[in-house]
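**Q** Once you've had a glance at the structure underneath, I'll fire off some questions.
The values are calculated or read from the model by the stated rules, or taken from the named source; none is laboratory data. Since this is a predicted model, take the numbers as computed values, not measurements. So basically every Cβ, Gly included, is an ideal-geometry build from the backbone, and we count neighbours across all protein chains shown.
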Ligand SMILES: Nc1ncnc2c1ncn2[C@@H]1O[C@H](COP(=O)(O)OP(=O)(O)O)[C@@H](O)[C@H]1O
Ligand SMILES: [Mg+2]
């Protein structure tokens, strides 16, 4: 497998993860979507110095990993490219905000460091939550749920098609890199001189295929809106799940569990 | 069922691909459209499906294809693309099969009934919930045919249905095509397959009809075929 084929394989692997079965996979997509949105909203709402209060929010993703049987390793492996980018966001905070906030074993820790760590943790938590949603819900079920929430059909179709087209483009890229390497043995990557024509070809080929794909959709009566997969109707169980999740998030938000626990030990 | 009247078409100016083409295919007929590479076979398909339009008239069931009735008339036609990868864009075979019928307003129950009937008939039940990117080329072609059959079209158009298939899968596809009750238009340069599946053959060259007649007759005519850059079917060359 060359690099591109690997990338393609990973993409399809998400579909496979989503097709597994577990108590979490069995929930209706709407419940998962709503609880994830609530989770992200609560995580984002934490103040930039509330690092210790934020830590207990890890509880939810950890629970989900356990219940869904999705390996934590897979999550971090898949996110290995975006994760550093998200983490980099807070990197400059320590330089701007130097006022000491607390002392750890005699070393003063500045507000900047705390806010940097908080931001990083927020990023990681949000990514984990989104990953878990994607890994436990097939993309079309997710789209169907988005439609039910009255997200404009245009946007949802765009999301779905982008997801499909990324696959198409990666496939073309795989074929092309293979053809290139067969004729340029021993070369690492693709030589700069070929980048222009390579990219041009890739675009043309992907466009051709995208057009065929679109034609094929139109020939089967596609116009304007997609008939999304029939998603499972929400049961009381799903409602209970969503409410419990939201209650948990609010509890963790309003009650500083970490300092409570810490307090227990100190006293 | 399908009729072309003096159709001409060109992709680029001054390079006509289809020139003054006229033919008519009756209900239930199975017609092979043959010709060398670049003869314009795929373009004829696109014209019939309204994916491109030129001069002249294309009639489906006596109605001229136009923007207004495109959606309705296309519901009568099922098109199996040459490249099944471009046809199967949903995650699983099942989801691809329900796509067409649902778009045409068929109810969910009826759609599910059709899907199972088609899969049973083609012996593909096993593929139903498989992922499209994890099935072999031959299985994918069969699944692509199944998605079209689930739409229950009156006519089926297939562009090179046997290309890139191994002999076993090619045989499977041929057997399926032979048993279809619908009107069929099949392009191919696999003349053995055309011989097995079609009763009539239209030979295209340079966007014009070079011959039109019973399959047995045209496919046996060595001089005619060679004049248009083709060879006798293997089964008839001995
Ligand atoms: N999208 C296109 N743009 C320009 N020319 C095209 C296009 N598609 C096909 N052609 C040209 O039209 C002619 C007929 O093509 P096609 O119908 O695909 O032939 P066939 O299917 O018989 O091999 C060829 O000469 C081809 O180069
Ligand atoms: Mg062709």
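**Q** Among the candidates B:21, B:49, B:33, single out the residue that is within 14 Å of chain A (Cβ to nearest Cβ), within 16 Å of ligand 2 (Cβ to nearest atom) and touching a helix residue (DSSP H, G or I) at 6+ places or on another chain (Cβ under 8 Å).
**A** None of the other options fit; the residue is B:49.
**Q** Residues that are closer than 26 Å to residue A:206 by Cα, within 16 Å of ligand 2 (Cβ to nearest atom) and surrounded by fewer than 22 Cβ atoms within 10 Å (Cβ to Cβ): does the stretch B:86-98 have at least one?
**A** Yes, the stretch B:86-98 contains at least one residue that is closer than 26 Å to residue A:206 by Cα, within 16 Å of ligand 2 (Cβ to nearest atom) and surrounded by fewer than 22 Cβ atoms within 10 Å (Cβ to Cβ).
**Q** What single numbered condition from (1) under 14 Å from the mean Cα position of the chain (by Cα); (2) touching a residue at least 40 places away in the same chain (Cβ under 8 Å) fails to hold for residue A:37?
**A** Of (1) under 14 Å from the mean Cα position of the chain (by Cα); (2) touching a residue at least 40 places away in the same chain (Cβ under 8 Å), only one is false for residue A:37: (2).
**Q** Which of the residues that make up the stretch B:124-135 are part of a helix (DSSP H, G or I) and at pLDDT 90 or above?
**A** B:125, B:126, B:127
**Q** How many of the residues making up the stretch A:203-219 are away from every other protein chain (no Cβ under 11 Å) and touching a helix residue (DSSP H, G or I) at 6+ places or on another chain (Cβ under 6 Å)?
**A** Qualifying residue count, the stretch A:203-219: 2.
**Q** Determine whether the stretch B:127-141 contains at least one residue that is touching a strand residue (DSSP E or B) at 6+ places or on another chain (Cβ under 8 Å), loosely packed, with under 14 Cβ neighbours inside 10 Å, within 12 Å of chain A (Cβ to nearest Cβ) and without any contact (Cβ under 8 Å) to a residue 40 or more places away in the chain.
**A** Looking for residues that are touching a strand residue (DSSP E or B) at 6+ places or on another chain (Cβ under 8 Å), loosely packed, with under 14 Cβ neighbours inside 10 Å, within 12 Å of chain A (Cβ to nearest Cβ) and without any contact (Cβ under 8 Å) to a residue 40 or more places away in the chain, one finds at least one in the stretch B:127-141, hence yes.
**Q** Every residue in the stretch B:61-74 that is surrounded by 20 or more Cβ atoms within 10 Å (Cβ to Cβ) and within 9 Å of chain A (Cβ to nearest Cβ), please.
**A** Result: B:74, single match.
**Q** Follow-up question, since we're still on this one. Are there any pairs, at least 6 apart or on different chains, whose C-beta atoms fall under 7 Å, with the first in the stretch B:34-45 and under 19 Å from residue B:58 (Cα atoms) and the second outside any loop (DSSP other than H, G, I, E, B) and within 8 Å of ligand 2 (Cβ to nearest atom), and if so, which?
**A** B:41/B:187; B:42/B:159; B:42/B:187; B:45/B:159; B:45/B:187
**Q** In the stretch A:121-130, is there at least one residue being under 30 Å from residue A:213 (Cβ atoms), assigned to a helix (DSSP H, G or I) and not assigned by TED's automatic domain parsing to the domain that holds residue A:32?
**A** Among the residues of the stretch A:121-130, not one is under 30 Å from residue A:213 (Cβ atoms), assigned to a helix (DSSP H, G or I) and not assigned by TED's automatic domain parsing to the domain that holds residue A:32, which makes the answer no.
**Q** Name the single residue, out of those in the stretch B:142-161 being in a loop (DSSP other than H, G, I, E, B) and closer than 24 Å to residue B:24 by Cα, that is nearest to the other protein chains (Cβ to nearest Cβ).
**A** Only one residue tops the list, namely B:151.
**Q** May I ask you to say which residue of B:5, B:41 is more than 14 Å from chain A (Cβ to nearest Cβ), within 16 Å of ligand 2 (Cβ to nearest atom) and at negative phi?
**A** Selected residue: B:41, the only one of B:5, B:41 that is more than 14 Å from chain A (Cβ to nearest Cβ), within 16 Å of ligand 2 (Cβ to nearest atom) and at negative phi.
**Q** Here are some residues: A:169, A:134. Which one is in the same structural domain as residue A:26 (by TED's automatic domain parsing) and surrounded by 13 or more Cβ atoms within 10 Å (Cβ to Cβ)?
**A** Every option except A:134 fails the conditions.
**Q** Report whether or not residue A:4 is at pLDDT below 80, assigned to a helix (DSSP H, G or I) and under 26 Å from residue B:133 (Cβ atoms).
**A** It is true that residue A:4 is at pLDDT below 80, assigned to a helix (DSSP H, G or I) and under 26 Å from residue B:133 (Cβ atoms).
**Q** Same structure, new question: Hey, among B:184, B:220, which residue is away from ligand 1 (no atom under 16 Å from the Cβ) and under 21 Å from residue B:43 (Cα atoms)?
**A** When all the criteria are applied, what remains is B:184.
**Q** If I ask for residues that are outside any strand (DSSP E or B) and touching a strand residue (DSSP E or B) at 6+ places or on another chain (Cβ under 9 Å), which ones from the stretch B:174-185 would you list?
**A** B:177, B:178, B:180, B:182
**Q** How many residues are over 25 Å from residue B:233 (Cβ atoms) and crowded, with 23+ Cβ neighbours inside 10 Å when one looks only at the stretch B:33-46?
**A** Qualifying residue count for the region: 0.
**Q** Which of the residues that make up the stretch B:80-123 are part of a helix (DSSP H, G or I) and within 16 Å of ligand 1 (Cβ to nearest atom)?
**A** B:86 - this is the single residue of the stretch B:80-123 that is part of a helix (DSSP H, G or I) and within 16 Å of ligand 1 (Cβ to nearest atom).
**Q** Between B:51, B:21, B:47, which is within 13 Å of ligand 1 (Cβ to nearest atom) and assigned to a loop (DSSP other than H, G, I, E, B)?
**A** B:51
**Q** Let me ask something else about it. What is the number of the single condition among (1) within 14 Å of chain A (Cβ to nearest Cβ); (2) more than 10 Å from ligand 1 (Cβ to nearest atom) that residue B:58 does not meet?
**A** Status for residue B:58: all satisfied but (1).
**Q** Assess whether residue A:115 counts as being crowded, with 18+ Cβ neighbours inside 10 Å and farther than 28 Å from residue A:164 by Cβ.
**A** Against the criterion (crowded, with 18+ Cβ neighbours inside 10 Å and farther than 28 Å from residue A:164 by Cβ), residue A:115 qualifies.
**Q** In the set B:56, B:123, B:62, B:105, which member is at positive phi and in contact with a strand residue (DSSP E or B) (Cβ under 7 Å, 6 or more places away or on another chain)?
**A** B:56
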